[in-house]
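The values are calculated or read from the model by the stated rules, or taken from the named source; none is laboratory data. Since we're looking at a predicted model, the values are computed, not measured. Quick reminder, even Gly has a Cβ in these numbers, built from the backbone with ideal geometry, and neighbours come from all protein chains shown. These area figures cover heavy atoms from the full protein model, side chains too; ligands, DNA and RNA do not enter into them. Shrake-Rupley method; radii C 1.70, N 1.55, O 1.52, S 1.80 Å.
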Amino acid sequence: MIKILQPLGAIALTTTFAACGSGSDCTGDYCGTIIIAQGADAESLFPPTMQAVSSTAIGDMIYLRLADLSDDLNTVGDGGLVPQLASSWTRLDESHLRFTLDNRAIWQDGQPVTAADVAFTYSVYTDTIVAAPLAANLDKISNVVAIDERTVEFEFTTVYPEQLFDAAYHMRILPAHLMDSIETTELLGHELTRNPVGTGPYRLHQWLPGQFIELHADTSFFLGRPGLRRIIWQVTPDYESALALVVSEQADLIDNMRTPRHIEQANSAAQLRAVEFASGGYAYLQFGLRDAEDPSRPHALFQDRTLRRALSMAVDRETTMRAVYGDFSTIAVAPVSPLLSIWGPDLPRIDYNRDRAVELLEGLGWRDSDGDGVRDRNGMPLSFQLAYPASDPNRTSAAVIIQDQLRQVGVDAQLAGLELNSLLATIPTGKFDVYFGFYGQDPTPSSIRGNWGTVGIGGGNFGSYSNPRVDDLMDRAIATFDPEESRSLWYQALEEMVADAPAIFLYSPKSVLAVHRRFENVTVRPDQWAATMWTWQVPETRMIDRDKAGS
Amino acid sequence: MGRLIGRKLFQALVVMLLVTTSTFFLIHIAPGDPFMPDLSVSGVSAERTDQIRRNFGLDRPIYVQYGAYLKNVASGNLGLSFRSYRPVSEIIIERLPNTIVLTSLALIMDFAIGILIGTWQAWKRGSAGDRFLTVATLTLHSTPVFWFGFMLILAFSVSLRILPGSGVVTIGIYDSLTPLGQLWDRIKHLILPVSTLALIGAGSTARFQRAAMLDTLSQDFIKSARARGLSECTVIFRHALRNSLLPTITLLGLSLPVLLSGSVLVETVFSWPGIGALTVDSVQSRDYMVVTAIGLVSAVMVLAGNLVADILYSVADPRARRKP
Amino acid sequence: MGDLSFEVNEGETVGIVGESGSGKSVTALALLNLISPPGEIRAESQIVFFGEDILRADTKTLRKIRGGQIGIIFQNPAASFNPVLTIGSQIDETLRAHRPVSRNEARKTSIDTLSKVGLPHPETVYSSFPHSLSGGMQQRAAIAMAIVANPQLLIADEPTTALDVTVQAQIIQLLRDLTDASETALIIISHDLGVINQIADRTIVLHRGQLVEDAPTRQLIEQPHHPQSALLVQAAPTTAPKFGETS
Amino acid sequence: MRSFRWVPVTLFVLFVVVRAGRIGDLLSTGTFVEQTLVALTFTLLAAIIWLTITPWPEVLSKFFKPFDVRIASLVLGAIMILAVFAPIASGHHPNTQLDLVNGQLLPPSLAHPFGTDFVSRDLWSRVLFGARVSLMIGVLAVTMAITIGTMVGMAAGYFGGWVELVLMRLVDAGLSIPRVFWLLVIVSLWGTTDIYVLILIIGLTGWFSTSRLVRAEVLRIREEDFVVAARGLGISEAGIVIRQILPNVVPPIIVNATLGIGQVILVEAGLSFLGFGVQPPWPSWGTIIQDGSARIIAAPWIVTVPGVAIALTVVSLAILGDRLQTTLNPRDSAQF
């Protein structure tokens, strides 16, 4: 018996030590490894179709824009942005901008970044088959021309103050030399969408779907050496397990902490600190104005403006918000987050008023004639599906609460909790009744146009809301150079839009992320918290196992 | 034996054809057009939509599509995913090893534990231990597998913090471990999901084995073996156990679909990136090309398992070898 | 089952006869302490074998006696063998359980024994599975297994009932030859006095679990004392040749 | 001794008298199926009362003799009664959000025996109403599965030939794909949230093994002497099926059904857990586990309680099924 046990003991010992020791240790200040715990996998790493924060944060590490926002988030004029792929830009006239590419910028396969790449990127973003959600923001660009190897010229159809922002910010530049020859329909599923070749500070090292995405730093990145050696997004089944990973130090960062309970849990772990930043988004219940089965027909219920208004009045945002977020949010009365310049307490709104909601419903002929608690009209019950991401505990809670509030006025909202990735696959096709969305806004009001204007249909305007007067007001607001006039036009547009109730606008939660204390130089940009993560660092003295691990 | 396998293979083929057919038509007769990615709202022109429909062969009559589908499947082409536009076979192959590792380890543990407990119970029939185990195995057999997984996570990952409750490897340090360390890391991640599946399964296996063993122990050749003065050990293990395993081998084939059903839930609970979790994902995002393929793959796995069980049976029982 | 008391001497062949349900088989099993629950043997009972009380023997002694000193042949030849093991391996294990022999020696002895019980091609039989043999061959193999360890006592529980008439005679002849050639005592159990008559020196008649008569076979057949014995004598086929007289 | 049996009856009658008004409510509201369930349970209660006031037939007292069978019946009876009287016993409506700001995720206390969930609903009430939903789905789906399975099995066993071949290969196909897979596909395709469709689908995917069992029984019974004799007497095949074979397959079917209810409860829980079963806000044991799974660290009791309820119910059903097997079919009692 003893003879058998000895080799076993040896194996056990080796295994134990093997688990602690590691092959080659990393030393120096650029070793840091950050593990980000996240409830969903990236859907694709193809920049034009990336939507979820899970994808864009990763995509922005790999792909660069021509220029990026600076910390003050100014989008107006030609001076607010900081160079990325473009080292400088000059204005030729009111409708022409010329960019000069940084001659140090190269693709991760060694090829130089050229003006042709930029022109190609524009053609992909505006291709209707690609159906890029941001395409609406590019509709005032009429042409992109490569002048020479390193110079590219943008031509605009109208004169407006955010030309530079639109030209430089929305598109992540794609490698024309690799993608040019690929049929557009195949591009969406191409190998390059999973093994991207970019220009950014990080390159994809490994992506195991459903498990993790690991990025490694490009030490020769032309804008400076990235501070972290590895960035790993770990996919967890739900928020709770993501939080558990961070609390138990198996992961380093979790974003989206919005409820007092989460923050309390994070604070209970000594190694974590919470970083609070302004919210760049708002939650809303979007009505699908097209039929969920056949999008060529209008929606049987929600084509009715008064019904939408009635439902808006039936939802008690204040209570919902307090129940879910405690003090960590503000009411969003219109599709405007506190980050935008036009945000203010006097934004147009539909107030909570249950009695008035009931009155409106009665007036429309919705009565509970069969005594089952649900209003009906001509034999059709006032019933619809409410799709929400089941992986988000906050929206789940809110959905259940709102369902109950609607039930109290005789409206039957059937909850459909979907996994985030499948939600992203179905919602953009317009196949839904009501969608519980959360939109992280660009820091400019013009993004409202892409989500609620007619130009956004097929892109970011999932519900197909369309009102020519609102479109016109928004266009004028974007075109004017006078800030006061712009603001007033926006208010007029919003007033009209909110009265139409294309959605029930709910609230803007504050954003908090918890991050391990060993990271230094932690800066967070509200529009995209991960935008400056490549400059974070772990000093050698504070490194833990996973910083040292590996090559 | 060759004929037996041939006949079983033929039966398996028929069953697979039926499975493919039923999933294909089930999905095609469903309301809406589940196979069609919806392009009409994306501002795509009607001609373009038609062209894409043609590319996917969706404009032809359903029986033509069915024929084409069968031909593709037979040649190993499972189509493109409508969600990621990648080849379905690629997506499945990426996930399959995880499920195979999980389920086969669970199967082995399930039967090892089940047979051990069942045999012991039959041997000590009527003892306090037997009575306790009868209740225990029945309880396991009646416990929802995903709930049991949660209880294990609560106990070992949340409270005791000794075993990981999700994933396949420790992300961040796995790559830098020695090969042995990597193995240990993988084992640590396997313990909870495998135990969940295996213990729930072992509940029924033990019950079955106990009955089979009692049945065997009441047979004459056991009396004969005792009358020949063989030791109790020889009687139980050489004579009774071996014979009682025959019906349990049949159970092996039958328990595979149950195990795969369980793995759908267990993979979801432990975020184990296998076929089961993929099923839930694909069904949720209505990626029916992937769903159909998973149906086919599970059927192949189950039928292969049945074939293995049949072969094992004929190895274990000399009487079965002669039968056509 | 009532009270029962009898003895068997070395080298003697004793027949136990009785109608169905009279307790013959139970007696056979009781002799090896193989009664399975819920049946039990009354506490004050004694079964003494060469001075050892089988009912009170410890497991080790009991195991030594079973198969080593007392061999048993069952009614249904198939029941003696485990269907999934070869004949040879089962005979080997019986021998090896009682004699310190090597694997090869065991094999040799087993094949010898198989040929001793009159099986043609003993090597083939050795490596066959039970189901591939005919009933008669199975019973011969079962006898081989029972005698392989040279027991002093052989119990044959209805060894011929499940067999064809022609095979029955051969098996009885085999048992006779075997007991004649050695000092082995034999208890043969049957419902058929004709069978007993062919082989037993002495016969015990059981009726409803009671011993009703114990007499030399000749005497029993010619002058049965108990009415039950008389009934059995009448029922026995008179045409059967009486081997005891002709040999 | 017999006088003691009056105690529960008296208590029950008193209970009915006191709560008469609310029971009236209970019977008038609710869906058709809920009313059916209530009616069924009342019948069962009446049967139990009748059995307590009359001397127990020997068969029954023998049936209930083993200790575990008594416990199982007691547990199951208690769960059924609580389910039927959930509106009275619960104290809260299962979907009422009691205090959204201060009442979320409260641990078990006197006011809330099982605590509250993430939108401050009383978990005790939800588990009771969940019992209704889970049991109802179990009973109805199994009834359906058993009916289809018996018909298919009888047809296969009776007609033989190609009918049998086709039906049995179909059954093979059904059994060779994990049931959860079928359920997920069908539920998602028809995008249903309706509980009756759910019952229908669970029933439609649950008959395969029953039909196998019934076919085997039919084949066995067909060869039995009394059937051969009946055939010899010139009784028509249809007559043989109805009068000779059908009554003989009933006992294994009853056993199958008892065990099947437990399995359906497990299947429903799994499906609801994956989000494809009973839809919120209605509670089933599976949906409560799903709700709790997202808050397993903060409020582990939410996951724990319904799981225990499921296990208790299914164990009790299994014990009763085993017992039925032994009583109805002593021949096969060694199996399972």
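Yes or no, residue by residue, for (1) small (Gly, Ala, Ser); (2) in contact with a helix residue (DSSP H, G or I) (Cβ under 9 Å, 6 or more places away or on another chain); (3) at pLDDT below 90:
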| site | (1), (2), (3) |
| --- | --- |
| B:137 | no, yes, no |
| B:148 | no, yes, no |
| B:161 | no, no, yes |
| B:164 | no, yes, yes |
| B:173 | no, yes, yes |
| B:176 | yes, yes, yes |
| B:181 | yes, yes, yes |
| B:188 | no, yes, no |
| B:191 | no, yes, no |
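For the range D:282-292, which residues satisfy the criterion of being touching a helix residue (DSSP H, G or I) at 6+ places or on another chain (Cβ under 6 Å) and open to solvent by 20 Å² or more (accessible area, probe 1.4 Å)?
Correct list: D:290 only.
Given the criterion hydroxyl-bearing (Ser, Thr, Tyr), open to solvent by less than 40 Å² (accessible area, probe 1.4 Å), at pLDDT 90 or above and closer than 20 Å to residue D:319 by Cα, identify the matching residue among B:142, B:195.
None of the other options fit; the residue is B:142.
Exactly one of these conditions fails for residue A:91: (1) among the basic types (Lys, Arg); (2) more than 26 Å from residue A:459 (Cβ to Cβ); (3) touching a residue at least 24 places away in the same chain (Cβ under 8 Å). Give me its number.
It is condition (3) that residue A:91 fails.
Filter the range C:43-63 down to the residues that are open to solvent by 90 Å² or more (accessible area, probe 1.4 Å) and in a helix (DSSP H, G or I) and list them by number.
C:56, C:59, C:60
Out of the range A:48-73, which residues are part of a loop (DSSP other than H, G, I, E, B), open to solvent by 10 Å² or more (accessible area, probe 1.4 Å) and touching a strand residue (DSSP E or B) at 6+ places or on another chain (Cβ under 8 Å)?
Once the filter is applied, which keeps residues that are part of a loop (DSSP other than H, G, I, E, B), open to solvent by 10 Å² or more (accessible area, probe 1.4 Å) and touching a strand residue (DSSP E or B) at 6+ places or on another chain (Cβ under 8 Å), the range A:48-73 yields A:70, A:71, A:73.
Would it be correct to say that residue B:210 is at pLDDT below 85 and either farther than 30 Å from residue B:154 by Cα or at the interface with another protein chain (Cβ under 8 Å from one of its Cβ atoms) (or both)?
No: the conditions fail for residue B:210.
Given the criteria hydrophobic (A, V, I, L, M, F, W, C), under 30 Å from residue C:192 (Cα atoms), within 8 Å of another protein chain (Cβ to nearest Cβ) and out of contact with any strand residue (DSSP E or B) (no Cβ under 8 Å at 6 or more places or on another chain), does residue C:97 qualify?
No: the conditions fail for residue C:97.
Return the total of residues in the range D:299-325 being open to solvent by less than 20 Å² (accessible area, probe 1.4 Å), at the interface with chain B (Cβ under 7 Å from one of its Cβ atoms) and in contact (Cβ under 8 Å) with a residue 12 or more places away in the chain.
The number of residues fulfilling the criteria is 5.
Could you tell me whether residue A:225 is outside any loop (DSSP other than H, G, I, E, B) and among the basic types (Lys, Arg)?
Criteria not met by residue A:225.
Tell me which residues, restricted to the range D:78-113, are without any contact (Cβ under 8 Å) to a residue 40 or more places away in the chain, surrounded by 17 or more Cβ atoms within 10 Å (Cβ to Cβ) and out of contact with any Phe, Trp or Tyr (no Cβ under 7 Å at 6 or more places or on another chain).
Within the range D:78-113, D:92, D:97, D:98, D:100, D:103, D:106 qualify.
Restricting to the range B:166-176, what's the tally of residues that are open to solvent by 20 Å² or more (accessible area, probe 1.4 Å) and either farther than 13 Å from residue A:250 by Cβ or more than 7 Å from chain A (Cβ to nearest Cβ) (or both)?
Residues meeting the conditions: 3.
Could you check residue D:207 against (1) under 20 Å from the mean Cα position of the chain (by Cα); (2) within 12 Å of another protein chain (Cβ to nearest Cβ) and say which number it fails?
(2) is the only condition that residue D:207 fails.
Here is a list: D:184, D:233. Which entry is of a type in the set (A, V, I, L, M, F, W, C) and closer than 19 Å to residue D:279 by Cβ?
Only one candidate qualifies: D:184.
Out of the residues in the range B:216-230 that are in contact with a helix residue (DSSP H, G or I) (Cβ under 7 Å, 6 or more places away or on another chain) and open to solvent by 60 Å² or more (accessible area, probe 1.4 Å), state the one that is farthest from residue C:66 (Cα to Cα).
Filtering first and then ranking leaves B:220.
Go over the candidates D:183, D:165 one by one and state the one that is assigned to a helix (DSSP H, G or I), open to solvent by 10 Å² or more (accessible area, probe 1.4 Å) and within 14 Å of chain B (Cβ to nearest Cβ).
From the options D:183, D:165, the qualifying one is D:165.
Condition check: out of contact with any His (no Cβ under 8 Å at 6 or more places or on another chain), open to solvent by 10 Å² or more (accessible area, probe 1.4 Å), within 10 Å of chain B (Cβ to nearest Cβ) and not basic (Lys, Arg). Does residue D:296 satisfy that?
Criteria met by residue D:296.
Suppose we keep only residues that are touching a residue at least 12 places away in the same chain (Cβ under 8 Å), among the charged types (D, E, K, R) and open to solvent by 10 Å² or more (accessible area, probe 1.4 Å) within the range A:477-519. Which one would you say is nearest to residue A:387 (Cα to Cα)?
The qualifying residue nearest to residue A:387 (Cα to Cα) is A:500.
Name the residues in the range B:81-133 that are farther than 24 Å from residue B:200 by Cβ and touching a Phe, Trp or Tyr at 6+ places or on another chain (Cβ under 8 Å), would you?
B:82
Could you tell me whether the range C:119-136 includes any residue that is open to solvent by less than 20 Å² (accessible area, probe 1.4 Å) and within 20 Å of residue C:69 (Cα to Cα)?
Among the residues of the range C:119-136, not one is open to solvent by less than 20 Å² (accessible area, probe 1.4 Å) and within 20 Å of residue C:69 (Cα to Cα), which makes the answer no.
Quick check on my filter: what residues within the range A:499-551 are among the β-branched types (Val, Ile, Thr) and more than 14 Å from chain B (Cβ to nearest Cβ)?
Correct list: A:504, A:512, A:515, A:522, A:523, A:524, A:532, A:535, A:541.
How about the range A:189-214: which of its residues are more than 27 Å from residue B:268 (Cβ to Cβ), within 12 Å of another protein chain (Cβ to nearest Cβ) and in contact with a helix residue (DSSP H, G or I) (Cβ under 7 Å, 6 or more places away or on another chain)?
A:192
When both residues are 6+ apart or on different chains and their Cβ atoms are under 9 Å apart, which pairs have a first residue that lies in the range D:143-170 and is among the charged types (D, E, K, R), and a second that is surrounded by fewer than 22 Cβ atoms within 10 Å (Cβ to Cβ)?
Going by the 9 Å Cβ cut-off, the qualifying pairs are D:164/D:155; D:164/D:158; D:169/B:11; D:169/B:14; D:169/B:18.
Please go through the range A:127-175 and give me each residue that is surrounded by fewer than 18 Cβ atoms within 10 Å (Cβ to Cβ), under 21 Å from residue A:46 (Cα atoms) and either free of Cβ contacts under 8 Å to residues at least 40 places away in the same chain or of a type in the set (S, T, N, Q) (or both), ordered by number.
The answer is A:128, and nothing else.
Have a look at A:186, A:191 and point out the one that is within 24 Å of the chain's Cα centre (by Cα), more than 22 Å from residue A:515 (Cβ to Cβ), modelled with pLDDT under 90 and open to solvent by 30 Å² or more (accessible area, probe 1.4 Å).
Exactly one residue qualifies, and that residue is A:191.
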